[in-house]
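In what follows, a single structure is set out as structure tokens and then discussed.
The values are calculated or read from the model by the stated rules, or taken from the named source; none is laboratory data. All values derive from a computational prediction rather than experimental measurement. Neighbour counts run over all protein chains shown; Cβ positions are idealised from the backbone, glycine included.
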Amino acid sequence: MESRLSQRAQQVQPSPTLALTARAQELRRQGVDVLSFTAGEPDFDTPDFAKAGGLEAIHAGYTKYTPTPGILPLREALSAKFERENRLQYAPDQIVVSCGAKHSLFCTFMALLDPGDEVIIPTPCWVSYPEQVRLMGATPVFVPADESTDFLPDYDALRRAISARTKAIVLNTPCNPTGAVFDRQHLKAIASLALTHDLWIVADEIYEHLIYDGYRHESIGALGKEVLARTITVNGMSKSFAMTGWRLGYLGAPRAVAQAVSRLQDQMTSNASTISQYAALAALQNASDEWYATMRTTFDRRRRLMVAGLRAIGGIECWVPRGAFYVFANVRGLIGRAYNGRVLNSSADVAEFLLEVARVATVPGEGFCAPGYLRLSYATSDAIIQAGIERIAEAVSRLQ
């Protein structure tokens, strides 16, 4: 029966992060003591002020359909947020609220891409970018980077990747999985390429409030009106407000793009959850520097704990992430070693070894177009991080 499925459905790959998170959860249900570093969600609870907005909506009877792009008060609040925090001028009718930032990205690619188009994606990259591009019949073109360039793509490499078919460049800062933060010099370089070659810029800024060591987030669309006119800025409530399950994302875009995305959502999901929209509105109205600082300080401490622990394990190298809440550990020093006669030939093998022997779940770099690495989320407690490091160290010590 599989042959009767569409080619699209047969070719799309499952998300490795979601698959490994589900596997860790299933092992736990079976009574196996697994420590999971796979999930890309804060372990913080949704703030009470956001919950209150959702509860008030329920009791007020705000449980019906809304306009597809979202309720106007929320889009007005997002317009003010873009101006205040990002120096981006998106009017409310240039904003579309969605069922999560992943949904916003999917609709963006659907609105921009035709079969045969190419999209430049710096790697390592989030697992869904290439798959979503392929689902549109377009081709992802990868531009690799590594620790030697702080995981930031080389300008000449980006320029060489551009062809007559190139339609867009994906920019993710801070980056999942590496934690790289694009500085103004790199943003200007990407903007210059987009202007010269008439390209769209798809800017995923979901981790904007989680930056460390004095680095700061800058939105590429703030570089000027010409850049903003070709930039789609994608964001959401999941990371900054620990609202992953509320499924509430949004984008700001040139008016024609926003209208196209809204039409697409008309036929796919209509509006995002009405209750989630009111919760998001309350979150934006009540957000404070103290809320962001608490999350940032906690994640910073955990980041340092995980980096120090991994660096102490022979065979593992660890670049210090500057944003988000992941460590992207280089485990090439473990590849080629063996356990009970079984050779670890890839980072996927290393991840499998750690799950089986250490009972620690990680995500192999293959899913991020970066073999030789493991992604570990530090969006979990200090105690779990410490216990996980100890387990990894003990398991690695058994390798020959």
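Determine which single condition P14 fails, assuming it passes every other condition in (1) of a type outside the set (V, I, T); (2) within 22 Å of S273 (Cβ to Cβ); (3) loosely packed, with under 15 Cβ neighbours inside 10 Å.
Exception for P14: condition (2).
For region 283-400, which fully contained helices (runs of 4 or more DSSP H) count at least 3 residues that are among the small types (G, A, S) and either more than 21 Å from the chain's Cα centre (by Cα) or over 30 Å from A80 (Cβ atoms) (or both)?
Values: elements: 289-311, 347-353, 382-396.
Helices (runs of 4 or more DSSP H) meeting the threshold: 347-353, 382-396.
Can S273 be described as under 17 Å from A370 (Cβ atoms), within 24 Å of the chain's Cα centre (by Cα) and not aliphatic (A, V, I, L, M)? Spell out the reasoning first.
Details: under 17 Å from A370 (Cβ atoms): no; within 24 Å of the chain's Cα centre (by Cα): yes; not aliphatic (A, V, I, L, M): yes.
For S273, the condition - under 17 Å from A370 (Cβ atoms), within 24 Å of the chain's Cα centre (by Cα) and not aliphatic (A, V, I, L, M) - is not met.
It is to be established whether one or more residues within region 1-13 are assigned to a helix (DSSP H, G or I) and at pLDDT 95 or above. Break it down into steps so the answer makes sense when it comes.
Step one: of region 1-13, the residues assigned to a helix (DSSP H, G or I) are 2-4, 7-11.
The next check asks that each one be at pLDDT 95 or above; those that pass are none.
No, the conditions are met nowhere in region 1-13.
Mind checking which residues of region 20-31 are in contact with a helix residue (DSSP H, G or I) (Cβ under 9 Å, 6 or more places away or on another chain) and either assigned by TED's automatic domain parsing to the domain that holds E131 or surrounded by fewer than 17 Cβ atoms within 10 Å (Cβ to Cβ) (or both)?
The initial filter retains those residues of region 20-31 that are in contact with a helix residue (DSSP H, G or I) (Cβ under 9 Å, 6 or more places away or on another chain), namely 20, 23-24, 27.
Answer for region 20-31, where residues must be in contact with a helix residue (DSSP H, G or I) (Cβ under 9 Å, 6 or more places away or on another chain) and either assigned by TED's automatic domain parsing to the domain that holds E131 or surrounded by fewer than 17 Cβ atoms within 10 Å (Cβ to Cβ) (or both): R23, L27.
Looking for something under 25 Å from A222 (Cβ atoms), without any contact (Cβ under 8 Å) to a residue 24 or more places away in the chain and more than 18 Å from the chain's Cα centre (by Cα) - is there at least one such residue anywhere in region 108-131?
The answer is no, given that none of the residues of region 108-131 is under 25 Å from A222 (Cβ atoms), without any contact (Cβ under 8 Å) to a residue 24 or more places away in the chain and more than 18 Å from the chain's Cα centre (by Cα).
For G221, state whether it is under 26 Å from L284 (Cβ atoms), modelled with pLDDT of 95 or more, in a helix (DSSP H, G or I) and assigned by TED's automatic domain parsing to the domain that holds P140.
Yes: the conditions hold for G221.
Of (1) closer than 24 Å to I169 by Cα; (2) surrounded by 23 or more Cβ atoms within 10 Å (Cβ to Cβ); (3) of a type in the set (S, T, N, Q), Q259 satisfies all except one. Which?
The number of the failed condition is (2).
Where in region 94-197 are there helices (runs of 4 or more DSSP H), lying fully within it, with 1 or more residues that are in contact with a strand residue (DSSP E or B) (Cβ under 9 Å, 6 or more places away or on another chain) and either under 30 Å from G70 (Cβ atoms) or modelled with pLDDT under 95 (or both)?
On the way: elements: 101-112, 128-135, 155-161, 184-197.
Because the criterion is at least 1 residues that are in contact with a strand residue (DSSP E or B) (Cβ under 9 Å, 6 or more places away or on another chain) and either under 30 Å from G70 (Cβ atoms) or modelled with pLDDT under 95 (or both), the helices (runs of 4 or more DSSP H) in region 94-197 that meet it are 101-112, 128-135, 184-197.
Of these, R75, R84, which one is surrounded by 23 or more Cβ atoms within 10 Å (Cβ to Cβ), among the basic types (K, R) and assigned by TED's automatic domain parsing to the domain that holds I201? Explain how you work it out, then say what you get.
Details: R84 fails: surrounded by 23 or more Cβ atoms within 10 Å (Cβ to Cβ).
After applying the criteria, what remains is R75.
For R23, state whether it is farther than 18 Å from K239 by Cβ, in contact (Cβ under 8 Å) with a residue 40 or more places away in the chain, basic (K, R) and part of a helix (DSSP H, G or I). Talk me through it step by step, then tell me what you get.
On the way: farther than 18 Å from K239 by Cβ: yes; in contact (Cβ under 8 Å) with a residue 40 or more places away in the chain: yes; basic (K, R): yes; part of a helix (DSSP H, G or I): yes.
So R23 fits the description; yes.
Does region 244-252 contain at least one residue that is touching a helix residue (DSSP H, G or I) at 6+ places or on another chain (Cβ under 8 Å), surrounded by 19 or more Cβ atoms within 10 Å (Cβ to Cβ), closer than 21 Å to L264 by Cβ and among the charged types (D, E, K, R)? Outline the logic, then answer.
Of region 244-252, the ones touching a helix residue (DSSP H, G or I) at 6+ places or on another chain (Cβ under 8 Å) are 246-252.
This time we only want the ones that are surrounded by 19 or more Cβ atoms within 10 Å (Cβ to Cβ), so: 246-252.
Right, trim to closer than 21 Å to L264 by Cβ and you get 247-252.
With among the charged types (D, E, K, R) added as a condition, the list becomes 247.
Checking region 244-252: at least one residue is touching a helix residue (DSSP H, G or I) at 6+ places or on another chain (Cβ under 8 Å), surrounded by 19 or more Cβ atoms within 10 Å (Cβ to Cβ), closer than 21 Å to L264 by Cβ and among the charged types (D, E, K, R).
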